[in-house]
Amino acid sequence: MTRGDVDGWVRVRGAREHNLKNVDIDIPRDCMVAFTGVSGSGKSSLAFGTLYAEAQRRYFESVAPYARRLLNQVGAPEVGEITGLPPAVALQQRRGAPSSRSTVGTLTTLSNLLRMLYSRAGTYQPGATHLAAEAFSPNTAAGACARCQGLGVVHDVTEELLVPNTALSIRDGAIAAWPGAWQGANLRSIVRGLGIDIDTPWTSLPRADRDWLLYTEEQPSVLIEPEAGRIDHGYYGKFWSARKHVMHVLSESQSERMRERALRFVQSIACPDCDGSGLRAEALAVTFAGRTIADMNAVPLAELAGELRTGVEAGAVASAAEGSEAASRIAADVIARVEVLLDLGLGYLSLGRNSTTLSPGESQRLRIATQLRSGLFGVVYVLDEPSAGLHPADARPLLDVLERLIASGNSLFVVEHDLDVVRRADWVVDIGPGAGDGGGQVLYSGPVEGLREVADSVTGRYLFPRSAMAVHEPRTPQGWLRLRGVTRHNLRETSVEVPLGVMTAVTGVSGSGKSTLVTQVLAHVVRGHLGTAAEGPDDAVLEVDVAGVSGVETFDRLVVVDQRPIGRTPRSNLATYTGMFDGVRKIFAATDLAKARGYTAGRFSFNVAGGRCETCQGEGFVSVELLFLPGTYAPCRTCHGARYNAETLEVTSRGKTIADVLAMTVDAAADFFADVPAASRSLETLRDVGLGYLRLGQPATELSGGEAQRIKLATELQRAHRGHTLYLLDEPTAGLHPADIRLLLDQLQRLVEAGNTVVLIEHDLATITDCDWVIDLGPGGGNAGGQVVASGTPRTIASGRGATAEHLAGWLA
Ligand code: ADP
Ligand code: ADP
Ligand code: ZN
Ligand code: ZN
């Protein structure tokens, strides 16, 4: 042990949660403990499912007796006894969708402090009274801009979106935003009744008429004469301008499809009244160090820290009208907190950055930094892969910050795959040897070095390799996709060349521009060429500026495999997402009993009434509203999680009910359905990407971003064809044990062998080495990044300069 003798232990006896095999283990407190093992071995079941769950259960019992009943429903972890367990705080990556109003500032609570600073120590206009801190928040009635209600954006239609093809006449559908079918014909009759020519091309109509048709608030009623074939009787029809119609649909329609269609015609622009800040004019008139709070929210944190220091030095705080001592304390506190974020390499973020645009790694680091200042001690922090999404250069400062949590008297349990992080741990608990039923045992618990001697441990083999790795021989590019003058976020007039027919890693420190380049610019350019639209609503208004593109013609397909969840409700799962569940339902419908009772495949769906349990409407769970535990689910009391009603569960195929099938792991199901091609192909590809341990019915909400990404990849592999597809992946190795990374890489290499092009954002050095080409972005994050620092084969990169070169050279040595 590096941290002296252990003086406290968490002793676990008889842990049986999920696949844990009656585990007894003693884990030291007050140091960093890494939980390792292949995916599905049971690391999370021990760290989160047992230790954290038990700490949380005890906490709620002590503070909220009323919660006990609900907790009983949620259930205690399957464990005999745990002693010596401190209160626990979990900083997990797999969490629900963040609210769109939360920002870096609200997540870190820095916004509150900054508002207090402006309230007390801001420079006010002569004669202006001091504002309360709330007046500087767009989320309060006192602070919100009246026009945009504090949102900072207003939605409005534009002529380009409403009338995409100006050569068309109204009869031919120039106003694309208007409804189709009867309503559309009705509007055309009204327009004609108003004396506007509906056969003239849009561009030839007088400007005044065009503006009126698109934007007027007037709704004249017009007598429509009978028309042959359409209407037999005359009637009065009411006019709706295109804007009025779109806004009406957006505010009133219950149909998600209609609303989505309407959204195509609106553009979100910064609110002109508050310039996008969401604040009232009174608040925007107050400055600190010459800047408004809106300015401070918009600048990168690195700059914010500088501005605040300047403000403090210039004596702004000391001369403040009231509470100057308190104000200087606040300023010092803000600066100290921002510095932790700078240490963590997050200096490129701004306080106003919306939390929905942060990567999971970025938000976890923000939460870690926030904890550091919380002053808690004697707590155990349970973390889920803190190194995920981090360049090796960023991982080091993170570890320093984690060490500070320990130094202030806390314990740290991390579920981790990154071998560099594991090496830094004081103690390692290795679970295995395999996944699911093949795992669940403690192979080793002790200082890292001891793992060398554990023959069964896959982790040990990677930590202490016996033989040198075979280095991949880079393939020769089959051509180039060239982008010239790319401008978006921190990419400024950047030119990039992406080799075709090979596998390329895009590397660089956090904030250097990797996601912007790969998942936004490249995807946008190729979509533009293919004439396809993105799934997300954001792409329509994606502002990508590219001066020149060549080489894009070779692609006939684009596949973006990202870490977005495969569904946001427990209703979607692995089986439904991959489509294999359709085949399974058919098998059940084909059984004798099902046929005798007239059950079709639909009967075996948990999404429609008929076969499902109606108490939980097929979810298997009911959501429990617990004050402190948002989004907690308890098993349904009628079906006990089975999702189906009793009659449906009477039908079995080879001794299993449909609920039993959903409870199977992919591995088990692959054996069970080995002779059913429709199901076994999906199952085999899921196994190939290392997901054999997942259960078919595992709700999408329980899957990590990395698991969701591998499910998408497997779904893709299952229909992969020879061809000219561009695959874009965002850190596919996140959350994977080195042994699982190997499996995944074999699959990606298969895609390249079949003639496709693969581009991935990567930090894992083994993966980068396995690529044919590397594009290294940097040199730093945010404004200090956005350039191509180097590009070439992994060896070429390693012999160059910069953060990636240094780590890659160490790896290849
Ligand atoms: P790891 O963290 O090592 O990847 P987990 O602890 O998540 O592994 O999973 C261990 C085993 O427990 C796997 O077989 C997994 O399918 C199973 N498991 C995980 N979560 C649940 C759950 N909520 N219900 C039942 N089984 C689960
Ligand atoms: P990486 O993927 O290398 O971590 P990103 O492409 O996410 O880097 O970020 C590059 C730069 O663009 C950073 O300065 C980041 O703050 C900025 N950026 C990324 N996404 C957004 C966004 N949605 N809004 C504003 N700035 C963004
Ligand atoms: Zn506004
Ligand atoms: Zn039920």
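The values are calculated or read from the model by the stated rules, or taken from the named source; none is laboratory data. This one's a predicted model, so the numbers in the text were calculated from it and none came from an experiment. Reconstructed Cβ throughout: ideal geometry from the backbone, glycine too, with neighbour counts over all protein chains shown.
Tally the residues that are among the small types (Gly, Ala, Ser), over 27 Å from residue 708 (Cα atoms) and either buried (at least 24 other Cβ atoms within 10 Å of the Cβ) or within 16 Å of ligand 2 (Cβ to nearest atom) (or both), restricting the search to the stretch 27-66.
Of all residues in the stretch 27-66, those among the small types (Gly, Ala, Ser) come to 34, 37, 39-42, 44-45, 47, 49, 53, 55, 62, 64.
Checking which are over 27 Å from residue 708 (Cα atoms) leaves us with 55, 62, 64.
Next cut, either buried (at least 24 other Cβ atoms within 10 Å of the Cβ) or within 16 Å of ligand 2 (Cβ to nearest atom) (or both) only: none.
Qualifying residue count for the region: 0.
Of everything in the stretch 1-24 that is in contact with a helix residue (DSSP H, G or I) (Cβ under 8 Å, 6 or more places away or on another chain) and modelled with pLDDT of 90 or more, the residue that is nearest to ligand 1 (Cβ to nearest atom) is 19. Is it the case, given these coordinates, that residue 401 is in a strand (DSSP E or B), of a type in the set (Val, Ile, Thr) and buried (at least 17 other Cβ atoms within 10 Å of the Cβ)? When the stated conditions are applied, residue 401 does not pass them. From the list 180, 150, pick out the single residue that is of a type outside the set (A, V, I, L, M) and either crowded, with 21+ Cβ neighbours inside 10 Å or at pLDDT 85 or above (or both). Exactly one of 180, 150 is of a type outside the set (A, V, I, L, M) and either crowded, with 21+ Cβ neighbours inside 10 Å or at pLDDT 85 or above (or both), namely 150.
Residues in the stretch 571-604 that are at pLDDT 90 or above, farther than 19 Å from residue 680 by Cβ and of a type in the set (Lys, Arg): 595, 597, 603.
Looking at the stretch 271-292 only, could you name the residues that are at negative phi and within 16 Å of ligand 2 (Cβ to nearest atom)?
At the first step, the residues of the stretch 271-292 found to be at negative phi are 271-274, 277, 279-288, 291-292.
Residue satisfying the conditions is 277 alone.
Residues of the stretch 519-543 that are part of a helix (DSSP H, G or I), modelled with pLDDT under 65 and of a type in the set (A, V, I, L, M): 540, 541.
Within the stretch 781-804, take every residue that is on the phi < 0 side of the Ramachandran plot and touching a Ser or Thr at 6+ places or on another chain (Cβ under 7 Å) and give me the one that is surrounded by the fewest Cβ atoms within 10 Å (Cβ to Cβ).
Taking the stretch 781-804 as the starting set, the residues that turn out to be on the phi < 0 side of the Ramachandran plot are 781, 783-785, 787-791, 793-801, 803-804.
Okay, now just the ones that are also touching a Ser or Thr at 6+ places or on another chain (Cβ under 7 Å), so 781, 785, 787-788, 794, 797, 804.
Working: 781: 25, 785: 24, 787: 20, 788: 18, 794: 24, 797: 27, 804: 30.
Across the stretch 781-804, the extreme among qualifying residues is 788.
Here residue 607 fulfils each of the conditions (1) modelled with pLDDT under 95; (2) within 9 Å of ligand 4 (Cβ to nearest atom); (3) in contact with a Lys or Arg (Cβ under 7 Å, 6 or more places away or on another chain) apart from (2). Any residue in the stretch 688-696 that is among the acidic types (Asp, Glu), in contact (Cβ under 8 Å) with a residue 24 or more places away in the chain and either surrounded by fewer than 18 Cβ atoms within 10 Å (Cβ to Cβ) or out of contact with any strand residue (DSSP E or B) (no Cβ under 6 Å at 6 or more places or on another chain) (or both)? Checking the stretch 688-696: at least one residue is among the acidic types (Asp, Glu), in contact (Cβ under 8 Å) with a residue 24 or more places away in the chain and either surrounded by fewer than 18 Cβ atoms within 10 Å (Cβ to Cβ) or out of contact with any strand residue (DSSP E or B) (no Cβ under 6 Å at 6 or more places or on another chain) (or both). Looking only at residues of the stretch 150-171 that are within 21 Å of residue 222 (Cα to Cα) and assigned to a loop (DSSP other than H, G, I, E, B), we find that the one that is nearest to the chain's Cα centre (by Cα) is 170. Scanning the stretch 345-389 for residues that are part of a loop (DSSP other than H, G, I, E, B), under 20 Å from residue 106 (Cβ atoms) and modelled with pLDDT of 90 or more yields 346, 347, 348, 349, 351, 352, 353.
Restricted to the stretch 486-514, and to residues that are in a loop (DSSP other than H, G, I, E, B) and hydroxyl-bearing (Ser, Thr, Tyr), which residue is surrounded by the fewest Cβ atoms within 10 Å (Cβ to Cβ)? Steps first, answer last, please.
Here is the first cut: in the stretch 486-514, the ones in a loop (DSSP other than H, G, I, E, B) are 489-490, 500-502, 508-513.
Still in the list and also hydroxyl-bearing (Ser, Thr, Tyr): 510, 512.
Values: 510: 27, 512: 29.
Across the stretch 486-514, the extreme among qualifying residues is 510.
State which residue pairs qualify: first residue within 14 Å of residue 155 (Cα to Cα) and inside the stretch 245-267, second residue not in a helix (DSSP H, G or I) and not hydrophobic (A, V, I, L, M, F, W, C) in any location, beta carbons under 6 Å apart, and separation of 6 or more residues or different chains. That search, which allows pairs on different chains as well, returns 259/253; 266/155; 267/158. Pairs meeting the criteria (first residue in the stretch 122-139 and farther than 21 Å from residue 105 by Cβ, second residue in a loop (DSSP other than H, G, I, E, B) and at pLDDT 90 or above, beta carbons under 6 Å, at least 6 apart or on different chains) are 124/286; 125/285. For the stretch 750-771, check the following and say yes or no: at least one residue is free of Cβ contacts under 8 Å to residues at least 12 places away in the same chain and either within 16 Å of ligand 3 (Cβ to nearest atom) or assigned to a helix (DSSP H, G or I) (or both). Yes - at least one qualifying residue is present in the stretch 750-771. Pairs are defined by a Cβ separation below 6 Å, a sequence spacing of at least 6 or placement on different chains, a first member in the stretch 663-680 that is farther than 13 Å from residue 586 by Cα, and a second member that is within 16 Å of ligand 3 (Cβ to nearest atom) and of a type in the set (Phe, Trp, Tyr); no pair meets this definition. Of all residues in the stretch 708-745, those that are under 28 Å from residue 512 (Cα atoms) and part of a helix (DSSP H, G or I) total 12. Just so you know, in the stretch 659-705 the residues that are polar (S, T, N, Q) and not in a loop (DSSP other than H, G, I, E, B) include one that is farthest from residue 361 (Cα to Cα), and it is 680.
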